[in-house]
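Here is the structure we will look at.
What follows is calculated from the coordinates using simple rules that are stated; it is not laboratory data. Because the structure is predicted, anything quoted here is derived from the model rather than measured. Virtual Cβ from ideal backbone geometry, glycine too; neighbours counted across all protein chains shown.
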């Protein structure tokens, strides 16, 4: 059986949903990915020529990130993040930036929705089609309620930046777990 990839050979986003992947040792992979992206975060820093930016706060964990991006037309041309956060938030930020770079705003918003749904248990990556690819390594966070918002914060912040909102929090009336379904 051939497994589809969410990208074509030219690394362009494919409209085809990502397939259901075979079961693997997800806890070990999850830990390995978290450690790798926490130690060596991709796209760390701030863009001097950002067209969009937002600050994200998760008061429960103490995560505080800043996201900056530059749109090239309707595509995310460059993106970076910085801040103080736990390993899960930093790894999620790192993987998010690498996955949305080059995507259209619509494709980025679709990934935001799918990631949030996966992290909150609304999307089962083992049985439902999705575009998350390697991001599905975060599926296990749904079993750690105190860490769901840590994983979602970068995505919530990206949504805020794309919609020209300066600051966003995981608490109150903008709680991404409760309000963006």
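One table, with the values for the structure above:
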{"read-out": "Unmet requirement for residue 147, which otherwise passes all of (1) over 18 Å from residue 37 (Cα atoms); (2) surrounded by fewer than 23 Cβ atoms within 10 Å (Cβ to Cβ); (3) in contact with a helix residue (DSSP H, G or I) (Cβ under 8 Å, 6 or more places away or on another chain); (4) in contact (Cβ under 8 Å) with a residue 40 or more places away in the chain", "value": "(1)"}
{"read-out": "Total residues in the range 113-124, condition part of a helix (DSSP H, G or I) and surrounded by fewer than 22 Cβ atoms within 10 Å (Cβ to Cβ)", "value": "3"}
{"read-out": "Some residue of the range 152-159 being in a loop (DSSP other than H, G, I, E, B) and in contact with a helix residue (DSSP H, G or I) (Cβ under 7 Å, 6 or more places away or on another chain)", "value": "no"}
{"read-out": "Looking only at the range 29-49, and only at residues there that are crowded, with 17+ Cβ neighbours inside 10 Å and touching a strand residue (DSSP E or B) at 6+ places or on another chain (Cβ under 9 Å), the one that is nearest to residue 161 (Cα to Cα)", "value": "47"}
{"read-out": "Single residue of 93, 127, 68 found to be surrounded by fewer than 17 Cβ atoms within 10 Å (Cβ to Cβ) and either in contact with a helix residue (DSSP H, G or I) (Cβ under 9 Å, 6 or more places away or on another chain) or touching a residue at least 60 places away in the same chain (Cβ under 8 Å) (or both)", "value": "127"}
